[in-house]
Amino acid sequence: MNAVWQQLTLSNLPLYRWRNASYLSRLVGLLQAWRQGSWLMRWAEPLGALLVSLVFTLAPFVSNDLIGVLLVACGAFWVLLTVSDEVVREREREEGEAVFSLPKFTPIHLLVLLYWGIAVVATALSPVKAAALTGLVKLTLYLLLFALMARILRSPRLRSWLIALYLHVALIVSVYGLRQSFFGATALATWVDPESPLAKTTRVYSYLGNPNLLAGYLLPATALSLAAVFAWRGWVCKALATTMFILNSACLILTFSRGGWIGFVVLLFVFLLLLIYWLSIHLPPFWRTWSLPILLISLAAILGLAIIFVEPLRDRVFSMFAGREDSSNNFRINVWAAVMEMIRDRPIIGIGPGNNAFNKIYPLYMRPRYSALSAYSILLEVAVEAGLIGLGCFLWLLLVTFNQGWVQLRRLREFGSREAFWLIAAIASLLGMLAHGTVDTVLYRPEANTLWWMMIALIASYYTIYQPSRSENLPPQDL
């Protein structure tokens with residue numbers, strides 16, 4: 001069974017051998033001589049970090065078109081880095097020597113590449129090829145951003161810089177959102193059932209223009225700011241991280257996004273669960289046994305008391321179970337029913353990636369008065385765009401990503417490294433965003449999608465492989 005799991009999660013895949021035998025690997029190093037003579041490319045990694053920093057600094061405040069331009073720049077820079085990489089040949093190692101190495105290509109990269117290939121096939125077979133091609137271009141830009149970030153985040157210094165930058169930008173977004181809560185904000189869309197007791201409640205949206213999108217944007221901020229409480233050194237830095245966590249959490253709650261709340265609860269639970277695991281080797285026997293039950297009971301008690309005594313929260317939570325009696329629920333149910341019919345008609349490879357392709361096909365299936373820009377569920381969205389093949393690849397990607405996160409967390413736990421806290425935050429963020437995305441599609445907006453791939457890249461950046469010595473590779477001697 002363990003061997004099957006290892007195969008399924010690509011844990012023992014000899015990527016360096018595949019890379020050396022691949023035709024694509026021949027493109028690496030074509031501009032190696034130019035790079036060695038370039039003064040500017042000596043700062044290649046910091047320059048890449050600067051481009052990524054611009055994406056996360058400007059994402060909440062500027063138009064999607066400008067973000068697209070920055071993503072093109074990031075993708076082009078990754079291509080330049082790749083074709084000008086130094087080609088390192090495997091050197092002969094002395095017998096008995098074994099090393100850990102940090103590869104630039106990981107099992108996560110392999111599944112991302114496979115998912116992109118399925119999207120290409122879905123585009124080629126799409127009934128609306130022009131619209132699907134636009135979606136494929138957008139997907140390609142996000143995946144190139146992932147590749148660049150996975151490379152840059154391998155540096156602990158650049159990793160800390162990018163995380164700190166995002167947290168400070170998120171702090172600005174949260175502060176403005178809290179200001180809207182205190183002084184009021186004009187609702188830019190019908191986000192609450194007009195017949196609900198919360199019809200006049202202010203749902204903050206800060207600079208992002210949509211409370212659900214704001215909640216999706218702040219989910220990684222809450223996890224990373226909580227991780228910073230443990231990872232940052234010095235009481236001043238820890239106080240800043242604590243302030244960030246409190247403000248980010250408060251702003252997320254005040255979005256009154258039910259999907260965001262679900263993601264927040266999942267995120268906190270996973271973070272605390274992994275934190276207990278990481279600390280367990282330092283805990284006395286009593287807390288090793290009872291810390292998890294105490295955690296579960298405490299979270300349940302806090303949630304129960306909040307629902308009982310906070311009326312807006314109680315009304316919003318109960319609306320999740322109102323079925324079609326809640327207008328938002330009814331809207332999503334009708335959209336999901338139409339999307340299921342779309343999947344039924346093209347189950348294998350889907351209609352092609354992107355919202356443009358969706359908008360071309362969905363009107364043929366939609367219920368009267370229930371127009372939609374997306375499937376309002378990330379799993380249904382993947383299935384309708386890339387079919388069941390694409391959905392299977394997407395779930396495989398998640399499985400490999402979480403497995404690699406767990407494996408590397410165990411490794412960092414052995415060394416007691418503070419870097420483990422960022423890894424815990426990335427795993428918790430992905431699960432929280434996935435829980436939110438199950439009932440919403442804000443994940444496909446640039447402000448949230450870039451963060452989704454940042455969390456995957458953060459996990460990929462910790463990937464290490466153990467290269468055995470020559471003696472370990474030799475077959476056993478016959479006795």
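The values are calculated or read from the model by the stated rules, or taken from the named source; none is laboratory data. Just so you know, these numbers come straight off a predicted model, no measurement behind them. Backbone-built Cβ (ideal geometry, glycine too); neighbour counts: all protein chains shown. The protein model used for the area step is the full one, side chains on, heavy atoms only, and it has no ligands, DNA or RNA in it. Shrake-Rupley method; radii C 1.70, N 1.55, O 1.52, S 1.80 Å.
Suppose we filter GLU414, GLU447 for residues that are part of a helix (DSSP H, G or I) and over 15 Å from the mean Cα position of the chain (by Cα); which single one remains? I'd like the intermediate steps shown before the answer.
Numbers: GLU447 fails: over 15 Å from the mean Cα position of the chain (by Cα).
From the options GLU414, GLU447, the qualifying one is GLU414.
Mind checking which residues of the range 154-190 are among the charged types (D, E, K, R), in a helix (DSSP H, G or I) and open to solvent by 40 Å² or more (accessible area, probe 1.4 Å)? Before you say what the answer is, go through the steps one by one.
Step one: list which residues in the range 154-190 are among the charged types (D, E, K, R), which gives 154, 157, 159, 179.
This time we only want the ones that are in a helix (DSSP H, G or I), so: 157, 159, 179.
ARG157, ARG179 - these are the residues of the range 154-190 that are among the charged types (D, E, K, R), in a helix (DSSP H, G or I) and open to solvent by 40 Å² or more (accessible area, probe 1.4 Å).
Scan the range 226-234 and tell me whether some residue there is among the aromatic types (Phe, Trp, Tyr) and over 29 Å from THR450 (Cα atoms).
The initial filter retains those residues of the range 226-234 that are among the aromatic types (Phe, Trp, Tyr), namely 230, 232.
When the remaining residues are screened for being over 29 Å from THR450 (Cα atoms), the result is none.
Within the range 226-234, none of the residues are among the aromatic types (Phe, Trp, Tyr) and over 29 Å from THR450 (Cα atoms).
Do you know which residues across the range 273-299 are aliphatic (A, V, I, L, M) and in a helix (DSSP H, G or I)?
In the first step, residues of the range 273-299 are kept if they are aliphatic (A, V, I, L, M); the result is 273-276, 279, 281, 283, 292, 294-297, 299.
Answer for the range 273-299, where residues must be aliphatic (A, V, I, L, M) and in a helix (DSSP H, G or I): LEU273, LEU274, LEU275, ILE276, LEU279, ILE281, LEU292, ILE294, LEU295, LEU296, ILE297, LEU299.
When the range 353-372 is examined, which residues are found to be free of Cβ contacts under 8 Å to residues at least 24 places away in the same chain and within 24 Å of ALA124 (Cβ to Cβ)?
Of everything in the range 353-372, those that are free of Cβ contacts under 8 Å to residues at least 24 places away in the same chain and within 24 Å of ALA124 (Cβ to Cβ) turn out to be PRO363, LEU364.
Inside the range 330-388, can you point out the residues that are open to solvent by 10 Å² or more (accessible area, probe 1.4 Å) and β-branched (Val, Ile, Thr)?
Across the range 330-388, the qualifying residues are ILE333, ILE343, ILE348, ILE349, ILE361.
Kindly indicate which of LEU254, LEU272, LEU247 is over 24 Å from THR201 (Cα atoms) and open to solvent by 10 Å² or more (accessible area, probe 1.4 Å).
Working: LEU254 fails: over 24 Å from THR201 (Cα atoms); LEU247 fails: over 24 Å from THR201 (Cα atoms).
Being over 24 Å from THR201 (Cα atoms) and open to solvent by 10 Å² or more (accessible area, probe 1.4 Å) holds for just one of LEU254, LEU272, LEU247, which is LEU272.
If a residue must be closer than 27 Å to GLY432 by Cα and either modelled with pLDDT of 90 or more or among the aromatic types (Phe, Trp, Tyr) (or both), how many such residues does the range 357-374 contain?
Going through the range 357-374 one residue at a time, the tally reaches 1.
Out of LEU399, LEU391, which single residue is surrounded by 21 or more Cβ atoms within 10 Å (Cβ to Cβ) and closer than 30 Å to ASN12 by Cα? Can you show your working first?
Numbers: LEU399 fails: surrounded by 21 or more Cβ atoms within 10 Å (Cβ to Cβ).
Just a single option satisfies the conditions, and that option is LEU391.
For a quick check of your reading: which helices (runs of 4 or more DSSP H) sit entirely within the range 21-117 and have at least 3 residues that are modelled with pLDDT of 90 or more? Let's see the steps before the verdict.
Details: elements: 32-37, 44-58, 64-83.
Of the helices (runs of 4 or more DSSP H) lying wholly inside the range 21-117, those with at least 3 residues that are modelled with pLDDT of 90 or more span 44-58, 64-83.
Considering only residues of the range 1-20 that are exposed (fewer than 11 other Cβ atoms within 10 Å of the Cβ) and not in a helix (DSSP H, G or I), which is modelled with the lowest pLDDT?
PRO14
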